[in-house]
Amino acid sequence: MAVPIDLTTFIGEVDDLLEKVEASALALESHPDDAERMNELFRAFHTLKGSAGVVGLTSIARFTHHVESALDHVRSGALALSPALVQCVLAAKDHVAALLAAELRGVAVAAGPGDAIIARLAGLTANAADTATALVFAAVPAAATAPRAEVDYFIEFRPGPEIASMDVGADAIFDGLRGLGPCERLGGDPSDAGALAPWRFQVTTRRDVAEIHDVFIFVASAGELQIDQGMTMFVDDEPAPAPVAPALPSAAPSGAAASRVAPARSSAAARSTVRVSSERLDQLVKLIGELVITQSRLQQVHSQHAIAELAGPVEAFERLIGDLRDGVLGLRMVPIGTMFGRFHRLVHDLSADLAKDVELVTAGDDTELDKTVIDQLGDALLHILRNSMDHGLEAPGERIAAGKPARGTVRLAAAHEGAHVVITIADDGRGIDATAVRRKAEAQGLIAPDAVLSEQETLALIMRPGLSTSRAVTEVSGRGVGMDVVKRTIESLRGTIAISSRAGAGTTLRLTLPLTLAIIDGLLVEVDSGRFIMPMAAVMENLELTHAERCAHNGRNMIAVRGELVPYVRLRDLFALPDAAAAIECVVVVGVDGARVGLVVDRVVGLHQTVIQPLGMFYRGVEMFSGTTIMGDGRVAMILDLAGTVRRMTAASALSSYPGPQGTQ
């Protein structure tokens with residue numbers, strides 16, 4: 001079903017507003033006296049109601065009106081913000097999302113859930129209206145004037161073709177409405193969308209609706225005008241000298257405050273953003289990929305048939321393509337906090353379901369990651385958090401008996417490490433019982449009873465399909481599904497996962513992910529007749545390996561790098577190629593999971609902008625490669641998965657002294 005352009009804009013606004021609602025409600029549960037958060041929550045529902053009315057979604061507008069009224073009682077000081085009201089607001093947020101989804105699918109939503117929320121709100125605010133009236137009249141001296149009504153009006157004017165011949169435009173109408181009271185445009189600047197695009201405004205005024213019609217008097221014959229009345233508030237002409245109860249700050253500044261925030265609004269307008277669908281960004285990235293491949297072909301042809309006049313343009317073209325690539329990939333980078341934010345609600349709800357007191361602490365929310373990675377990562381983090389809360393964290397009584405605070409803590413942090421983002425999920429719970437994990441794995445036939453496993457390998461068994469150490473199946477976990485899904489998801493993103501745990505102190509999972517899945521800087525190397533790409537972000541240095549060095553260190557595959565021995569593996573041996581090594585080979589030293597490893601190749605060709613192509617279905621089980629790329633001459637080069645390569649050579653005992661990446665199996 002095609003979505004109208006105004007509804008498409010509304011959908012994007014709703015997503016942002018609902019995120020604000022959830023974040024503000026959860027923050028107010030811990031700090032109910034936070035006036036700014038309260039105003040932010042009220043404004044979110046106020047905007048939801050107005051925008052829904054403008055696009056014709058009356059079911060959402062009517063429902064949010066009840067929530068907005070309840071929150072207005074809190075703002076006025078007539079109603080205390082209770083945990084029950086916060087729960088009601090969170091339920092209302094979920095119901096708005098359900099209403100919008102139903103509208104998009106063209107199906108009806110059962111009235112029961114919405115009516116139940118409205119009834120709960122009515123019960124919580126039963127005495128608030130009388131209290132609010134008492135506060136107003138108690139605060140006003142006898143000689144004061146009576147309060148007057150201040151009304152929100154939502155205005156839509158749909159111009160016809162004849163509007164083009166008139167001198168009055170949307171800007172003039174906006175200026176006229178501002179003369180009636182605080183006014184804002186809804187859905188962007190009407191003048192930017194074309195002459196026949198709807199003009200939408202919201203004005204808060206004490207004036208009669210007839211005066212709004214007067215503003216449109218010169219264009220009334222050139223279009224259709226619709227005015228919808230919103231919320232009515234009673235305000236005093238003069239501020240009360242001694243209010244009985246302190247009122248929270250007003251959501252809309254006026255007078256001197258308005259003049260102070262005017263520069264900030266102008267600055268915000270200058271930094272306005274444009275919403276672009278992810279499909280368009282994906283298509284743009286594909287086109288950039290084609291440009292990179294074409295540039296590579298051009299560079300190779302120029303190197304074979306050097307023409308002096310083309311040297312400058314070819315170099316400039318390469319530089320411009322690099323800048324364009326970085327700019328386009330930057331468009332898909334979003335703060336990981338957009339994903340972290342929604343987990344606060346998960347922890348809040350699960351804490352009640354599990355009867356545990358849990359606090360979620362986040363860090364590095366502004367760390368940026370490719371939106372494609374974030375979209376695929378959400379479910380994996382959800383599984384990990386659920387397991388941490390159900391299996392890892394103890395009940396309050398058990399924590400107190402162990403000398404811990406009753407409240408458990410889950411820390412979710414993100415940080416950049418080179419061309420990767422590392423996400424850590426740590427809890428201060430009971431830790432993983434490695435003995436119980438091994439016993440369960442043996443019982444299920446996943447390992448032999450006499451198998452020799454390190455502690456890291458034992459902990460990694462929890463990511464085997466079907467393995468769970470939970471004694472009972474609950475609604476949260478215990479069915480042996482989840483961690484194997486996490487492992488597959490992280491590997492599909494060309495990332496790694498490491499687990500560490502300490503009995504009685506907690507468990508930490510470390511996810512290492514690439515910044516982007518589209519284009520990377522790579523180092524092109526050759527082994528025999530094959531070409532391979534190593535991600536440049538992991539390359540530390542290149543060295544020469546002579547015959548004498550190969551025979552040193554008692555035959556062990558080690559090379560001295562500034563006084564430190566670094567293990568290496570010859571890719572010829574790993575790929576089972578004939579041993580036709582030159583007198584001098586090249587060692588590319590790479591960093592993998594905090595350790596240095598050398599990969600011996602025949603030749604290092606140089607830097608290469610690499611457009612990553614996925615592996616075919618027949619090669620997805622080959623852990624040494626993460627993808628392919630097309631070279632300038634049309635040949636295909638394999639992209640090395642460095643962590644997978646190290647795992648492979650560790651399993652083959654090529655590096656018996658190297659411990660290997662931890663927790664990746």
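The values are calculated or read from the model by the stated rules, or taken from the named source; none is laboratory data. Keep in mind it's a predicted model, so treat the numbers as computed, not measured. We place every Cβ from the backbone using ideal geometry, glycine too, and count neighbours over all the protein chains shown.
Give THR435, THR409 a once-over and let me know the one that is out of contact with any Asp or Glu (no Cβ under 7 Å at 6 or more places or on another chain), outside any loop (DSSP other than H, G, I, E, B), among the polar types (S, T, N, Q) and in the same structural domain as LEU382 (by TED's automatic domain parsing). Lay out the reasoning, then the answer.
Details: THR409 fails: out of contact with any Asp or Glu (no Cβ under 7 Å at 6 or more places or on another chain).
Just a single option satisfies the conditions, and that option is THR435.
Could you pull out every one of the helices (runs of 4 or more DSSP H) wholly within the stretch 482-576 that has 1 or more residues that are in contact (Cβ under 8 Å) with a residue 40 or more places away in the chain?
Numbers: elements: 483-492, 547-551, 571-574.
In the stretch 482-576, 483-492, 571-574 are the helices (runs of 4 or more DSSP H) which contain 1 or more residues that are in contact (Cβ under 8 Å) with a residue 40 or more places away in the chain.
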- Does the stretch 513-521 contain at least one residue that is surrounded by 13 or more Cβ atoms within 10 Å (Cβ to Cβ), at pLDDT 80 or above and over 33 Å from the mean Cα position of the chain (by Cα)? no
- Checked the stretch 446-505 for anything buried (at least 18 other Cβ atoms within 10 Å of the Cβ), at pLDDT below 80 and basic (Lys, Arg); matches are ARG464, ARG494
- Message: Suppose we filter GLY330, GLY341, GLY337 for residues that are surrounded by 17 or more Cβ atoms within 10 Å (Cβ to Cβ) and not hydrophobic (A, V, I, L, M, F, W, C); which single one remains?
- Response: GLY341
- Has the stretch 387-401 got any residue that is closer than 30 Å to LEU18 by Cβ and of a type in the set (A, V, I, L, M, F, W, C)? yes
- Select, from ARG325, ARG319, ARG386, the only residue that is touching a strand residue (DSSP E or B) at 6+ places or on another chain (Cβ under 6 Å) and among the charged types (D, E, K, R). ARG325
- Task: Take the residues in the stretch 153-169 that are among the hydrophobic types (A, V, I, L, M, F, W, C) and at pLDDT below 85, then tell me which one is surrounded by the most Cβ atoms within 10 Å (Cβ to Cβ).
- Result: ILE163
- Taking MET536 as the residue in question, decide whether it is out of contact with any Gly (no Cβ under 8 Å at 6 or more places or on another chain) and assigned by TED's automatic domain parsing to the domain that holds ALA595. no
- Query: Can you pull out the residues in the stretch 557-571 that are surrounded by 13 or more Cβ atoms within 10 Å (Cβ to Cβ) and of a type outside the set (A, V, I, L, M)?
  - Reply: ASN557, PRO567, TYR568, ARG570
- Restricting to the stretch 572-606, what's the tally of residues that are surrounded by 12 or more Cβ atoms within 10 Å (Cβ to Cβ) and more than 30 Å from LEU509 (Cβ to Cβ)? 14
- Item | Of residues in the stretch 96-150 being acidic (Asp, Glu) and in a helix (DSSP H, G or I), the one modelled with the lowest pLDDT | ASP130
- Query: Out of (1) outside any helix (DSSP H, G or I); (2) surrounded by 17 or more Cβ atoms within 10 Å (Cβ to Cβ), the odd one out for PRO32 is which?
  - Reply: (2)
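Do any helices (runs of 4 or more DSSP H) entirely within the stretch 292-365 hold 3 or more residues that are modelled with pLDDT under 85, and if so, which? Break it down stepwise before answering.
On the way: elements: 308-331, 337-340, 343-354.
Answer list for the stretch 292-365: 308-331.
Mind checking which residues of the stretch 412-432 are in a strand (DSSP E or B) and touching a Pro at 6+ places or on another chain (Cβ under 7 Å)?
If we filter the stretch 412-432 for residues that are in a strand (DSSP E or B), which is where we start, we get 412-417, 420-427.
Within the stretch 412-432, just HIS420 meets the criteria.
A quick yes/no check of all residues on (1) at pLDDT 75 or above; (2) out of contact with any Pro (no Cβ under 7 Å at 6 or more places or on another chain); (3) assigned by TED's automatic domain parsing to the domain that holds GLY322; (4) among the β-branched types (Val, Ile, Thr):
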site: ILE217; (1), (2), (3), (4): no, yes, no, yes
site: GLY223; (1), (2), (3), (4): yes, no, no, no
site: ALA242; (1), (2), (3), (4): no, yes, no, no
site: ALA256; (1), (2), (3), (4): no, yes, no, no
site: ALA264; (1), (2), (3), (4): no, yes, no, no
site: ALA270; (1), (2), (3), (4): no, yes, no, no
site: VAL285; (1), (2), (3), (4): yes, yes, yes, yes
- Do the conditions hold for ILE321, that is, is it buried (at least 18 other Cβ atoms within 10 Å of the Cβ), aliphatic (A, V, I, L, M) and not assigned by TED's automatic domain parsing to the domain that holds VAL485? yes
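Can you tell which of ARG62, ARG43 is within 25 Å of the chain's Cα centre (by Cα) and within 17 Å of PHE10 (Cβ to Cβ)? Steps first, answer last, please.
Working: ARG62 fails: within 25 Å of the chain's Cα centre (by Cα).
Unique residue meeting the criteria: ARG43.
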- Message: Contact list please: Cβ distance under 6 Å, first residue in the stretch 178-198 and at pLDDT 80 or above and buried (at least 16 other Cβ atoms within 10 Å of the Cβ), second residue in a loop (DSSP other than H, G, I, E, B) and hydrophobic (A, V, I, L, M, F, W, C), pairs at least six apart or on different chains.
- Response: PRO182/ALA252
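Give the residue, chosen from ILE227, ILE173, that is part of a helix (DSSP H, G or I) and at pLDDT 80 or above. Before you say what the answer is, go through the steps one by one.
Details: ILE227 fails: part of a helix (DSSP H, G or I).
Criteria check complete, one pass: ILE173.
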- Being farther than 23 Å from ARG510 by Cβ, modelled with pLDDT under 65 and over 32 Å from the mean Cα position of the chain (by Cα) is the filter here, so list the residues in the stretch 609-656 that pass it. ALA652, SER653, ALA654, SER656
